[in-house]
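The values are calculated or read from the model by the stated rules, or taken from the named source; none is laboratory data. Everything numeric here is computed off the predicted structure, so don't read it as measured data. Cβ coordinates were reconstructed from backbone atoms using ideal geometry, including for glycine residues, and neighbour counts include every protein chain displayed.
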Amino acid sequence: MIRGSDARMPNAQSRHRSERGHRLFTDIHCHCLPGLDDGPVVMDQSLALCRSLLEEGIGCVVATPHQLGRFDGSNDAANVRETVSQLNGRLTDAGIALKVVPGGEVRVDERICELLKADKVLTIADAGRYILLELPHDVFIDIEPLLRDLDSMGVRAILSHPEKSASLLGNQQVLRGWLDRGVRLQVTASSLAGALGPQIEKVAWGLLGSGWANIVATDAHDVGLKRPEMRAAFKRISTRLGVKVATLFCIDNPSRVVAGQDVVAYRQEVHR
Ligand SMILES: [Fe+2]
């Protein structure tokens, strides 16, 4: 069954502001758990990444280890929850005021609904409302049947870093149809700075500026090349699109996702 983890939600939402009263970012996509995927190998590396997330102004992070695809058969929901619990314990011991909640970056697979029902793959923050889906970058897969099945379970899809998927962007009409039926898009913070090349940077800005994408997350894996860059992304978006929009993408919408609430579209916010 899908867990609607009411017991976990207050914690997920409990750190909205820093001690100085600044609003904190929520990061819905981060590979911060040790030894599960291509993120940190050991706990000390996880703690270093979490320290870096906190320095970036993030108060709550969804741990999203890869599920299915090349990690099929490992990283099941129980294992992820247990590792999140261990990490939160170590964060408390180390005085790192970051809250980690469970999730997954789930490779598109026809078994997803079945695995959700069997409690093997995770929704974001274990809240039963959104699932973070990873599509292949080079091959186009029509996820319409999956979206229909997810719909029937009350689960909405958020596609991770669509700016990296040439195959998806080559099928814009189909993508538009998915958006109309409730799919949401998450752009990666470092894409906005050109970390993945000028073409991906351009596409990332196009997705945010057009209102097709409404959520920014770090997709951080380490404190090196794949480090979290939320603060820089917030500044860049503030400069180009305004502080209100940057707040929507980096603070309000991510925290709505964690709370299982509806994401607000850019155009709605701008024209309000
Ligand atoms: Fe990722």
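Descriptive notes on the structure:
- Matching residues, the range 66-82, being surrounded by fewer than 20 Cβ atoms within 10 Å (Cβ to Cβ) and either among the acidic types (D, E) or farther than 12 Å from P102 by Cα (or both): G69, R70, F71, D72, G73, S74, D76, E82
- Comparison of D149, D93 shows that the only residue that is modelled with pLDDT of 95 or more, of a type outside the set (V, I, T) and within 20 Å of G260 (Cα to Cα) is D149.
Conditions (1) modelled with pLDDT under 95; (2) of a type in the set (S, T, Y); (3) more than 18 Å from Y266 (Cα to Cα); (4) within 16 Å of the ligand (Cβ to nearest atom), marked per residue:
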{"position": "G170", "(1), (2), (3), (4)": "yes, no, yes, no"}
{"position": "V187", "(1), (2), (3), (4)": "no, no, no, yes"}
{"position": "S191", "(1), (2), (3), (4)": "no, yes, yes, yes"}
{"position": "G194", "(1), (2), (3), (4)": "yes, no, yes, no"}
{"position": "G197", "(1), (2), (3), (4)": "yes, no, yes, no"}
{"position": "A213", "(1), (2), (3), (4)": "no, no, no, yes"}
{"position": "V216", "(1), (2), (3), (4)": "no, no, no, yes"}
{"position": "D222", "(1), (2), (3), (4)": "no, no, yes, yes"}
{"position": "L225", "(1), (2), (3), (4)": "yes, no, yes, yes"}
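- Flag: V223 does not match the condition of being crowded, with 24+ Cβ neighbours inside 10 Å and closer than 24 Å to K99 by Cβ.
- Those helices (runs of 4 or more DSSP H) of the range 74-171 in which at least 2 residues are touching a strand residue (DSSP E or B) at 6+ places or on another chain (Cβ under 7 Å), considering only elements entirely within it, cover 77-94, 144-152.
- Members of the range 230-268 that are within 16 Å of the ligand (Cβ to nearest atom) and farther than 11 Å from F25 by Cβ: V257
- Selection status of R148, away from the ligand (no atom under 16 Å from the Cβ), more than 23 Å from W205 (Cβ to Cβ), basic (K, R) and loosely packed, with under 14 Cβ neighbours inside 10 Å: yes
- A259 vs. criteria under 23 Å from P65 (Cα atoms), at pLDDT 95 or above and buried (at least 19 other Cβ atoms within 10 Å of the Cβ): no
- Considering the range 189-221, and only residues there that are hydroxyl-bearing (S, T, Y) and assigned to a loop (DSSP other than H, G, I, E, B), the residue that is nearest to the chain's Cα centre (by Cα) turns out to be T218.
- Residue within the range 153-168 that is in contact (Cβ under 8 Å) with a residue 24 or more places away in the chain, buried (at least 19 other Cβ atoms within 10 Å of the Cβ) and away from the ligand (no atom under 16 Å from the Cβ) present: yes
- Members of the range 132-166 that are of a type outside the set (V, I, T), touching a helix residue (DSSP H, G or I) at 6+ places or on another chain (Cβ under 9 Å) and closer than 12 Å to V183 by Cβ: L132, L133, L135, E144, L146, L147, L150, R156, A157, L159, P162
- Inter-residue pairs, beta-carbon under 6 Å, first among the charged types (D, E, K, R) and in the range 98-127, second assigned to a strand (DSSP E or B) and more than 16 Å from the ligand (Cβ to nearest atom), 6+ apart: K99/C60
- Test for G59: is it crowded, with 18+ Cβ neighbours inside 10 Å and away from the ligand (no atom under 14 Å from the Cβ): yes
- Qualifying positions in the range 40-55 - surrounded by fewer than 23 Cβ atoms within 10 Å (Cβ to Cβ) and touching a residue at least 12 places away in the same chain (Cβ under 8 Å): M43, Q45, L47, A48, R51, S52, L54
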